[in-house]
Amino acid sequence: MFAYTIRRILMLIPVLIGMTIITFSIVHLIPGNPAQVILGENATEEQVEALEESMGLNEPYIVQYGLYVKDLLQGDLGTSLKTKSEISSEIWPYIAATFELTFFAMLFAVFIGVNAGIISAWRQNSWFDFLAMLFALVGVSMPIFWLALMEQWLFAQELGWFPAYGRQDSKDPIAAITHFYVLDSFIHLDFPRVITSLKHLVLPSIALGTIPMAIIARMTRSSMLEVMKSDYIRTVRAKGAGQFLVVYKHALRNALIPVITVIGLQTGVLLGGAILTETIFSWPGIGRYVFDAISFRDYPVIQSGILIIAFIFVIINLIVDLLYSAIDPRIKY
Amino acid sequence: MVNVENKKQFSNKKLTNPSPNSPKPNSEEVKAISPWRDAMRQLRKNHFALAGFVIIVFFILLGLVAPLLTPFAFDEQDIINRLQPPSAEHWLGTDHLGRDIFTRIAYGARISLQVGFFAVTGALVVGSILGIVAGYFGRWIDMLISRIFDILLAFPSILLAIAVVAILGASLENALIAIAIINIPIFGRLVRSKVISLREEEYIMAAKAQGMKNGRIILHHILPNSTAPIIVQATLGFGTAILEAAALGFLGLGAQPPDPEWGKMLADARDFIQLAPWTLIVPGVAIMLVVLGFNLIGDGLRDALDPKMKN
């Protein structure tokens, strides 16, 4: 296990190098003069030259790449062209916002998905099974941003149950400590604000969590069906255990092993997929941060934002891989 | 059904070839059915897959005969009649510029299906070539190609697509290229793992021992035996590609106005949700149905082609 962990971490190195090459290339593969593209057609020659100078665009590629990696290793993610401030100092609130949203979306997806999958397997071929699987199939076929817009229309604008935009009441902002607003409100013991933060989370979490929920439900069902056929379950039944005990105590533990992998992988996917949900709900997360940067041609933010999301994605996948062998002692490396 | 067919053949043969030396009936009855015919037969029995097939055929026809179905052009504006609800004249209502939504959906089917087709074909061809080379030749070339796949898969797909569009500029063609690129490692890995398992098969060894060239082995033995998982993935990938194109269109990074791309139509509808909900509902349902269609066929194909899933 230890050797596997080391090997798995070492395998990350080429991937990380490749990731930096791709994000580095984003600026350099722009057709034409990158500085000119960034500044727009109306920029003067002096402005273009100044930007080329400040971004080091006059150096040979290899030198530029070397400098880029050196900066990254020192924790320097560059300076935003729009806000003129260091990206590393302004990025945390965006990351925290995305983490908070992802956490609640996964909470929704796991709770509903796992339970729907269990009941579907338990009552295989019943009307519940049929409806749940149909719903799961529709769930994975739906454009997530469409679902988000429909929610906004129905639950925010027509019924007025939940707020349609943002993370908090803009007239009554939360004093941020960790930038996880639900947690921050708890720390302040400010329960009305906890409710407000949670209310803001409902619609985006459901929109973001629907696809993983559908995938988790299908995975749990098929995994449960397989486990329920195994010999040890028959033995448990033969001992006279009730159906509930068989399902939730004995079958679930083994059936959840592949499901946990899916949960981990989906968490990574959500972080990247959040860009659409965040755009629709004006959620100030990392996805929206990158998306806004595109329309402003703020290339340092695009580069660093994409690199950070990909980095978190890779780390989550690593943790999932390592967890997989930890929770299933039968897997030996 | 198998028996009926075979018996028919047998009785025909008996009529045309009444020689006393004709083979015994038993030897005719064990005639092998090709795995593909068996799969197709299973697929025909699968109601969900059939439903998916019907949905896709419907949208293909809708795209093909669009000009015959509607008197409007997809970019024909009629500001006075903007945001009209569905009526006899405008079956699915009009959008914020008074354009007929049914017309735009029908022409939009062309765009979505084409994006799906070209993005999947591109990813399939490049991914398969890389996968075969990596899996068949192994060693450093496998190492190199696999690491490239790892790197591409390290980015959440939509983000990588956004990065590609950020480099190339926003247009439908560039969105298509971006979607093809993000799908390359998915096909590549699939083909690679299949090739690696095939490489050790005895008939491949035999072909090598006979002195067959690598190219011939790949073309005649490896490729035909790796098609089943590729077909399943391509079908499912079709749906994903359409969703990704719609997402890029929605973000303004794909099709540009006045193209009737479904994702772009949803983006336009955003500001008029309360006034004209049909502008939001119709394109969303269209995307969902097409993707659902491909998912149903893909699931059906997987069940039919994967021997492990058979009863």
Next item on the list: Would you mind getting me the FRET efficiency between residue A:235 and residue B:193? Use the beta-carbon distance for r and R0 = 35 Å, nearest 0.05.
Entry: 0.50
Checklist line | Projected area, mean over directions - the protein assembly as shown, Cα convex hull, nm² | finding: 40.0
Notebook entry, point to check: Under a plain spin-label model, where a point goes 7 Å from the Cα along Cα-to-Cβ, how far apart in nm are residue B:37 and residue A:67?
Noted result: 6.9
Notebook entry, point to check: Can you work out ³J(HN,Hα) from phi for every residue in region A:137-145, in order, using Karplus 6.51 cos²θ - 1.76 cosθ + 1.60 and θ = phi - 60°, giving whole Hz and x for Gly and Pro?
Noted result: 5, 5, x, 7, 9, 8, x, 4, 6
Margin query: Taking 4 °C and 1.567 mPa s as the conditions, I'd like the Stokes-Einstein D for chain B in µm²/s, using the Kirkwood hydrodynamic radius from alpha carbon pairs.
Written below: 57
Next item on the list: Extending each Cα 7 Å along its Cβ direction at residue A:131 and residue B:82, get the distance between those two points in nm, one decimal.
Entry: 4.2
Next item on the list: Quick one: how many lysine pairs does region A:93-327 have with C-alpha atoms less than 28 Å apart and a gap of 8 or more or different chains? Give me the count, please.
Entry: 4
Notebook entry, point to check: When the helix-only estimate is applied to the protein assembly as shown (DSSP H runs of n ≥ 4, each -39,500 (n - 2.57), divided by the residue count), what is the mean residue ellipticity at 222 nm, nearest 500 deg cm²/dmol?
Noted result: -23500 deg cm²/dmol
Note to self: Please list 3J(HN,Hα) in residue order for region A:283-299, calculated via the Karplus relation 6.51 cos²θ - 1.76 cosθ + 1.60 where θ = phi - 60°; whole Hz, with x for glycine and proline.
What the structure shows: 7, x, x, 5, x, 5, 4, 5, 4, 4, 5, 5, 5, 9, 6, 8, 4
Next item on the list: Apply the Debye scattering formula to region A:263-308, with a single equal point scatterer on each alpha-carbon and no solvent, then give log10 I(q)/I(0) at q = 0.15, 0.17 Å⁻¹.
Entry: -0.37, -0.47
Item checked: Members of region A:142-158 that become less accessible by 40 Å² or more once partner protein chains are added (1.4 angstrom probe, chain alone as reference) -> A:143, A:145, A:146, A:149, A:153, A:157
Checklist line | Residues of region B:271-297 buried by at least 50 Å² on assembly (accessible area, 1.4 Å probe, chain alone as reference) | finding: B:273, B:274, B:280, B:288, B:292
Notebook entry, point to check: Taking chain B as a Gaussian network, Cα atoms linked when under 10 Å apart, which of B:146, B:34, B:171 shows the biggest mean-square fluctuation?
Noted result: B:34
Next item on the list: Could you give the size of the charge dipole of chain A about its Cα centre, using +1 on the Cβ of each K and R and -1 on the Cβ of each D and E, expressed in debye and rounded to the nearest 20?
Entry: 2360
Next item on the list: Using protein chains only (no ligands, no nucleic acids) and a 1.4 Å probe, work out which residues of region B:239-267 have their accessible area cut by at least 50 Å² relative to the chain alone.
Entry: B:243, B:250, B:251
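Can you work out D for region A:93-327 in µm² s⁻¹ from Stokes-Einstein, where Rh is the Kirkwood radius over C-alpha pairs, the temperature is 25 °C and the viscosity is 0.890 mPa s?
After rounding, the answer is 127 µm²/s.
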Check: Residue separation times 0.36 nm, minus the C-alpha to C-alpha distance between residue B:275 and residue B:65: what's the value?
Finding: 72.5 nm
Item checked: Separation of the residue A:103 and residue A:154 label points, Cα + 7 Å toward Cβ, nm -> 2.8
Next item on the list: Go through B:68, B:204, B:296 and say which Cα lies farthest out towards the positive end of the charge dipole of chain B; charges sit on Cβ, +1 for Lys and Arg, -1 for Asp and Glu.
Entry: B:204
Next item on the list: Please work out the Cα center distance from region A:1-73 to region A:146-201, rounded to the nearest Å.
Entry: 37
Next item on the list: Only Lys, Arg, Asp and Glu count, each charged at its Cβ (+1, +1, -1, -1), so figure out the dipole size of region A:17-89 about its Cα centre, rounded to 20 debye.
Entry: 340
Next item on the list: Determine, from the Cβ-Cβ distance of residue A:49 and residue B:210 and an R0 of 51 Å, the FRET efficiency 1/(1 + (r/R0)^6), rounded to the nearest 0.05.
Entry: 0.15
Next item on the list: Kindly express, to the nearest 10 degrees and within the range 0 to 90, the angle between helix B:223-250's C-alpha long axis and the longest C-alpha principal axis of chain B.
Entry: 10
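Ignoring ligands, DNA and RNA, what percent of the 1.4 Å accessible area of the protein assembly as shown is carbon and sulfur?
Here it works out to 65 percent.
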Next item on the list: Could you work out how far the C-alpha centroid of region B:175-243 sits from that of region B:63-123, in angstrom?
Entry: 37
Item checked: Cα-only radius of gyration and Dmax that characterise region A:1-141, units Å -> 24.1, 72
Note to self: At R0 = 22 Å, how high is the FRET efficiency between residue A:186 and residue A:311 if r is their beta carbon distance? Nearest 0.05 is fine.
What the structure shows: 0.15
Next item on the list: Run the dipole for region A:157-261 about the Cα centre, Lys and Arg Cβ at +1, Asp and Glu Cβ at -1, nothing else charged, and hand back the magnitude in debye, nearest 20.
Entry: 700
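Within a Cβ distance under 12 Å of residue B:180, other residues only, what is the Lys/Arg minus Asp/Glu net charge? Can you show the working numbers first?
Values: positive: none; negative: B:173, B:244.
Charge balance in the 12 Å sphere: -2.
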Item checked: Percentage, to the nearest whole number, of Cα pairs in region A:17-89 over 14 Å apart -> 66
Margin query: Before I look further, what does the protein assembly as shown give for accessible area per residue, probe 1.4 Å, in whole square angstrom?
Written below: 50
Notebook entry, point to check: If you take the accessible area of A alone, add that of B alone, and subtract the area of the pair, what total do you get in Å², probe 1.4 Å, to the nearest 100?
Noted result: 3700
Notebook entry, point to check: Tally Lys and Arg at +1 and Asp and Glu at -1 over the other residues with C-beta under 15 Å from the C-beta of residue B:71: what net charge comes out?
Noted result: -3
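The values are calculated or read from the model by the stated rules, or taken from the named source; none is laboratory data. These figures come from a predicted structure and were not determined experimentally. No Cβ is skipped: glycine too gets one built from the backbone with ideal geometry, and neighbour counts run over all protein chains shown. With ligands, DNA and RNA removed, areas are computed over all heavy atoms of the protein, side chains included. Shrake-Rupley method; radii C 1.70, N 1.55, O 1.52, S 1.80 Å.
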